[in-house]
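Q: One structure coming up, written as structure tokens, with questions to follow.
Throughout, read-outs are computed from the coordinates displayed, never taken from laboratory work. For clarity, every value in this text was computed on a predicted model and none was experimentally measured. Cβ coordinates were reconstructed from backbone atoms using ideal geometry, including for glycine residues, and neighbour counts include every protein chain displayed.
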Amino acid sequence: MSTTTGVTALDHTVQETNVWLKAIDQELALENRHHAYNALRAVLHALRDRLPPEVAVKFGAQLPIMVRGIFYEGWHMAATPTKERHLEEFAEHILRDLSPQFPIDPLMTARGVYEILWEKLDPGEFGKLMAHLPAPLRTLQD
């Protein structure tokens with residue numbers, strides 16, 4: 001059975017998304033790709049919700065098609081940016097999207113996903129994105 005769709009753009013984004021998930025899996029030493037997907041989704045949503053809408057849209061445009069879909073899933077633009085200014089609030093936001101049995105602390109999860117974003121995206125653009133976050137949330141990039 002073929003695992004391709006026959007549509008080059010879709011096949012490419014599936015492959016690219018798998019590369020991202022594998023990188024997150026390795027960065028965080030997770031047990032499986034499902035955990036990597038949950039980590040990516042939770043951190044992208046917390047990040048998206050904390051950004052001004054125009055910055056979130058510009059960031060989303062840099063993501064692979066399938067990752068972009070994860071990023072925009074369930075977004076209520078009118079409710080953003082959230083007022084989270086402290087690491088604890090940001091961690092709670094991430095934790096809400098993770099399964100109760102998730103094996104890693106939400107801030108460590110954010111750091112790992114940020115590392116992959118830094119590697120996969122243009123570092124200058126990711127740096128500009130981070131400049132839109134409150135200082136405590138930018139420290140997760142270090």
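Q: Given the options 100, 123, 64, state which has the largest fluctuation in a GNM of the chain using a 10 Å cut-off (strictly under) for Cα springs.
A: 100
Q: Give, in nm to one decimal, the length gained when the segment between residue 5 and residue 58 is fully stretched (0.36 nm per residue of separation minus the Cα-Cα distance).
A: 16.3 nm
Q: Provide the per-residue ³J(HN,Hα) series for region 99-108, in order, calculated from phi with Karplus coefficients 6.51, -1.76, 1.60 and θ = phi - 60°, each as a whole number of Hz, with x at glycine and proline positions.
A: For region 99-108, the Karplus-derived couplings read 5, x, 8, 4, x, 10, 3, x, 6, 5 Hz, x marking Gly and Pro.
Q: Provide 22, 120 in ascending order of the number of other Cβ atoms located within 10 Å of each residue's Cβ, fewest first.
A: Ordered from fewest to most neighbouring Cβ atoms within 10 Å, 22, 120 come out as 22, 120.
Q: Quick one: Kirkwood hydrodynamic radius for the chain, alpha-carbon pairs, angstrom, one decimal?
A: Values: mean 1/r = 0.0648 Å⁻¹.
One over the average 1/r among Cα pairs gives 15.4 Å for the chain.
Q: Charges at C-beta only: +1 for Lys and Arg, -1 for Asp and Glu. How large is the resulting dipole of the chain about its Cα centre, in Debye rounded to 20?
A: 280
Q: What relative contact order, as a whole-number percentage, does region 8-141 give when Cα pairs under 8 Å and 6 or more residues apart are counted? Before the final figure, lay out each step's value.
A: Working: 126 pairs, mean separation 40.5, N = 134.
Relative CO of region 8-141 lands at 30 percent.
Q: Per 0.36 nm of contour for each residue apart, how much would the distance between residue 29 and residue 65 grow if the chain were fully extended, relative to their Cα-Cα spacing?
A: Additional length available on full extension: 10.4 nm.
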